[in-house]
Protein chains: 2
Amino acid sequence: MTAAIDVDLAGRRIRVGLDVGGTKIDAVAVGPEGEILARLRRPTGWGEDAVVVSVVEAVDALAAEGGFTRSAIESVGVGIPGLVDADTGRVLHAVNLGVESLDLAGLAGRQLGIPVRVENDVKAAALGAAVLRGIEGSMAYLNLGTGVAAGIVVDGTIWRGARGTAGEVGHLSVDPNGRLCGCGQRGCIETFCGGGALARAWDRPGALPVRDILDSADAGDEHAMALRADLFHGGAAAVRALVLSADVERVIIGGGLTSLGDRLHAGIRAALRSGAEASAFMRSLHLDERIELLPAGSPAAAFGAAVVGATTPTKEIVSHG
Amino acid sequence: MTAAIDVDLAGRRIRVGLDVGGTKIDAVAVGPEGEILARLRRPTGWGEDAVVVSVVEAVDALAAEGGFTRSAIESVGVGIPGLVDADTGRVLHAVNLGVESLDLAGLAGRQLGIPVRVENDVKAAALGAAVLRGIEGSMAYLNLGTGVAAGIVVDGTIWRGARGTAGEVGHLSVDPNGRLCGCGQRGCIETFCGGGALARAWDRPGALPVRDILDSADAGDEHAMALRADLFHGGAAAVRALVLSADVERVIIGGGLTSLGDRLHAGIRAALRSGAEASAFMRSLHLDERIELLPAGSPAAAFGAAVVGATTPTKEIVSHG
């Protein structure tokens, strides 16, 4: 693994990173050279107390798995959905976890006796992807899962923006006549390429609706073909939005839909090429060459959380006028 | 004028800033306290040699107007359309000026005997607006003129991005069935709120087509009412794109369409409010309170060029992989 951004783990002990999702926690132990020493997945509890218990138990289970003790752990970093105050480690409005307001860093830190830092999960994953991919300039991590959101990393630092909506391209509308989004708007990018929106539009039973959509589209089902086109169109629109606003050099695609593998990658690349066909300006951006897909099951999110844990907080200077 | 971002002009002499447009140059002389000592407008020549002559003559005319000599000028900054290499001062593809590739900083600097720095005009205007408005955090300057483009300034520094497309929200498509854009795509934000696109869609004689559209809309003309709605919808879409990607705290609107004054401001604010009506998420962003309009005839662009001239270049660390 190339860690081109200098994460100063050398000479220290073990950094633990947890990616806390709605149903499971992905936990990694990172060694002094940035190597992953141990990894496990555990279910996440629901509600504020249970989330704290899940985090503490995941750390202990990881230590048991890796054959080390709590005392060998230098820091714990947690990536979690919702609004996160990265300075205080408080989590707000993580609705899928039953969390309204939780001092996760304080409570878990005291129980573990280890410093805990907390970050929004997509931002942590963005940092992890930047480090794992060795990207030194600017990049966006585009998470295609149930919902759609992106995190931006510039020169090894998470781009926070003024009010926590940096990278929220999932809720840019790209079609005034598009499907109604859960957010209340119409034609949001998330209605095109979010796994939840596609499953609702598909509306047939099955454990992996987006995979079913692609399979049925390959078999000639017209509804599936239309949804497949939406998926690729939405992914392409998100990439365009990130490059035509923040002008990131690369867009790394992660999230649950990466289990679709090359079908997703090739489809979004083709949509970027076809969208640029009539436009010399868009062709000059070579967007189709600037995207890549994380391998399914990539530890980027948990690894990024470990990097967050290893980072000294710096107070942002932002006007909230 | 409040210069909240510290522009170190104190103790030096005069900083000249030129905003070079397709038809005219707006020139300002800025004194040690950031005060505007003199200002004038002159026509711009067409073609590479003529642009250099226009710049040199504008500096001399400004000196005559302000009652100072070339030797009192510490620096000249130039904002100009097209692709600008801010490190070398070379201008590429400024099609409206007949410039294909021009070493503007070198040629004008040698003729004037004064250091010349060059920046893309929208980026320079963004910096000028940030300084004039005293914005210390993050902001975008949204230029609504013949075309639509934005510049982003964070903590007093122009956000460049990786390849020069930061803030190019004018060419984000927000309607797959929208009007054809000059760039070749359909439904670009610029097709909704660019003065050129609106004039083409209006297609009636008149010196100020967008003003005619608003006047005719007020008088009940249906075509004009539809185009007026497009104008406000496009401005709102640009604001949303800037906040949901780069998450700037404020959006300052400048450019030729600001001559419409409060009609433009109130219209975009109303479109932001109505677009957020169905969405608690969008309402929580209070976008309508985060925009402001520069006064018509604001010197922000030329003033920003003077700030660029007063700034020591720092080489960007960006991977072009």
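The values are calculated or read from the model by the stated rules, or taken from the named source; none is laboratory data. Since we're looking at a predicted model, the values are computed, not measured. Methodologically, a virtual Cβ is constructed for each residue, glycine included, from the backbone with ideal geometry; neighbour enumeration extends over all protein chains shown. To get the accessible areas, we keep the full protein, side chains included, count just its heavy atoms, and leave off ligands, DNA and RNA. Shrake-Rupley method; radii C 1.70, N 1.55, O 1.52, S 1.80 Å.
See the values below:
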read-out: Accessible area (Å², 1.4 Å probe, nearest 10) - B:ARG204; value: 110
read-out: Protein-only accessible surface order, largest first, of B:ARG133, A:ARG250 at 1.4 Å; value: B:ARG133, A:ARG250
read-out: Largest-first principal axis extents, alpha carbons of the stretch B:136-293, Å; value: 43, 34, 30
read-out: Long-range amide H partners of B:GLY77 with built H, under 5 Å; value: B:VAL16, B:GLY17, B:LEU18, B:ARG117, B:GLY309
read-out: Rounded accessible area of B:ARG211 (nearest 10 Å², 1.4 Å probe); value: 80
read-out: DSSP bridge orientation in chain B - percent antiparallel, rounded to nearest 5; value: 60
read-out: B:HIS223 accessible area, 1.4 Å probe, all protein chains in place, Å² to nearest 10; value: 80
read-out: Relative contact order for the stretch A:58-121, counting Cα pairs under 8 Å that sit 6 or more residues apart, in percent; value: 36
read-out: Alpha carbon convex hull of the stretch B:172-236, volume per residue in cubic angstrom; value: 75
read-out: Residues B:ARG13 and A:ARG41, FRET efficiency given R0 of 45 Å [Cβ-Cβ distance, rounded to 0.05]; value: 0.10
read-out: Exam field: A:VAL95 pseudo-label spacings to other copies (7 Å along Cα-Cβ), nanometres; value: 4.5
read-out: Stokes-Einstein D for chain B, Kirkwood Rh over Cα pairs, 37 °C, 0.692 mPa s (µm²/s); value: 164
read-out: DSSP-defined beta bridges in the stretch B:136-293 - what % are antiparallel, rounded to 5; value: 60
read-out: For the protein assembly as shown, convex hull of alpha carbons as volume per residue, Å³; value: 155
read-out: FRET efficiency, 1/(1 + (r/R0)^6) with R0 51 Å, evaluated for A:ALA61 and B:ARG283 via beta carbons; value: 0.75
read-out: Heavy-atom accessible area per residue - the stretch A:135-293, 1.4 Å, Å²; value: 35
read-out: The stretch A:135-293 - percent relative contact order, Cα under 8 Å, separation 6 or more; value: 23
read-out: Rounded FRET efficiency, nearest 0.05, which uses the C-beta distance separating A:ARG110 from A:MET225 and R0 of 60 Å; value: 0.65
read-out: Accessible carbon and sulfur surface of chain B relative to its total accessible area, %, 1.4 Å; value: 51
read-out: Rg/Rh (Cα only; Kirkwood hydrodynamic radius) as it applies to the stretch B:1-156; value: 0.95
read-out: Position A:ALA50, label points 7 Å along Cα→Cβ, spacing to each other copy in nm (shortest first, one decimal); value: 7.4
read-out: Relative contact order computed over the stretch A:114-202 (Cα-Cα under 8 Å; 6+ residues apart), in percent; value: 22
read-out: Nearest beta-carbon to the B/A symmetry axis - residue in chain B, distance in Å; value: B:SER245, 2
read-out: Inter-copy label distances at A:HIS223 (7 Å, Cα→Cβ; nm, one decimal); value: 4.3
read-out: Percent of Cα pairs exceeding the 20 Å cut-off, where the set is the stretch B:99-179; value: 48
read-out: Point-to-point label distance, B:LYS24-B:THR157, nm (Cα→Cβ direction, 7 Å offset); value: 3.5
read-out: Tilt relative to chain A, helix A:121-133 - C-alpha long axis, 0 to 90 degrees, to 10; value: 90
read-out: Value at 222 nm in deg cm²/dmol, rounded to 500, when DSSP H runs of n ≥ 4 in chain B each add -39,500 (n - 2.57); value: -11000 deg cm²/dmol
read-out: Estimated inter-spin distance, A:GLU100 and A:LEU180, nm [label 7 Å along Cα→Cβ]; value: 2.7
read-out: Accessible surface ranking that places the most exposed of B:MET225, A:MET282 first, with a 1.4 angstrom probe; value: B:MET225, A:MET282
read-out: Inter-part distance where the stretch B:86-154 and the stretch A:196-269 are each reduced to a Cα centre, Å; value: 38
read-out: Cα-projected label distance for B:LEU92 with B:ALA50, points at 7 Å along beta-carbon direction, nm; value: 2.5
read-out: Area hidden from solvent between A and B (accessible, protein heavy atoms only, 1.4 Å, total, Å²); value: 3700
read-out: Candidate residues A:PHE232, A:PHE303: accessible-area rank, largest first, probe 1.4 Å; value: A:PHE232, A:PHE303
